[in-house]
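Reviewing the structure listed below.
What follows draws every value from the coordinates through simple rules; no lab data is involved. Note that the structure is predicted; figures quoted are calculated from it, not measured. Positions of Cβ are generated from backbone atoms using ideal geometry, with glycine treated the same way; all protein chains shown enter the neighbour counts.
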Amino acid sequence: MKIICLFFIGLSALSFTSTGQLKNSKQQKSQPAAPSLKKTSDSLKMAINDAKSSFNTLFKSHKDTDAIMISNVEYEDPNLANLKESLKKLKGVKSVAEEYKSSNAVLKIPFKGKPTEMWDQLPASVRAPFKLVEAGDNYISLRFKNDTGN
């Protein structure tokens with residue numbers, strides 16, 4: 001999707017420059033070059049500003065997304081499923097996206113607030129199987145208590 005958008009932006013910028021060149025060649029016959037360069041540069045500035053605003057719309061930063069990283073947990077573990085379901089029920093949480101690789105799960109949650117606040121809102125029975133290892137501004141790191149590395 002991003003590549004397609006970049007292609008269209010590049011194509012539109014190319015059309016602006018080729019249109020400007022055609023106008024320049026016509027205007028050189030009838031007018032001095034200075035006013036036509038100003039018009040061309042103004043249209044290029046507008047095209048660049050439009051491209052910038054399109055990029056900002058397409059590629060918004062995810063400042064309100066918190067991550068919960070859980071090490072050494074099996075994908076099928078009922079405690080992990082219970083954690084995901086409990087997170088979905090919290091006020092202000094719309095969805096929970098999950099990535100899983102090599103016995104490590106990463107849950108990405110759109111949440112306005114610190115991840116420790118979200119963690120503290122969960123029932124004690126949901127938090128019990130996990131140990132909080134590290135906390136930052138937009139992430140917390142948990143370890144599954146049944147992990148042999150305790």
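Quick rundown of the values:
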| quantity | calculated |
| --- | --- |
| Full-stretch length increase - Thr116, Glu85 - with 0.36 nm per residue and alpha-carbon distance subtracted | 9.4 nm |
| Sorted by Cβ neighbour density within 10 Å, fewest at the top, the residues Lys88, Lys114 | Lys88, Lys114 |
| Taking Lys89, Lys101, Lys108 and counting other C-beta atoms within 10 Å, the order from fewest to most | Lys101, Lys89, Lys108 |
| Test item: Cα-centred dipole of segment 65-144, Lys/Arg +1 and Asp/Glu -1 on Cβ, debye | 260 |
| DSSP beta bridges in segment 65-144 [antiparallel fraction, %, rounded to 5] | 75 |
| Surface/4 of the Cα convex hull for segment 65-144, nm² | 4.4 |
| Violating pairs (Cα-Cα greater than 24 angstrom) within the set Lys101/Lys145; Lys45/Lys112; Lys112/Lys145; Lys91/Lys145 | Lys45/Lys112; Lys112/Lys145; Lys91/Lys145 |
| Residues with amide H under 5 Å from that of Tyr139, placed H, sequence gap 5 or more | Ala67 |
| Exposure proxy ranking, count of Cβ atoms within 10 Å, fewest first, for Leu132, Leu87 | Leu132, Leu87 |
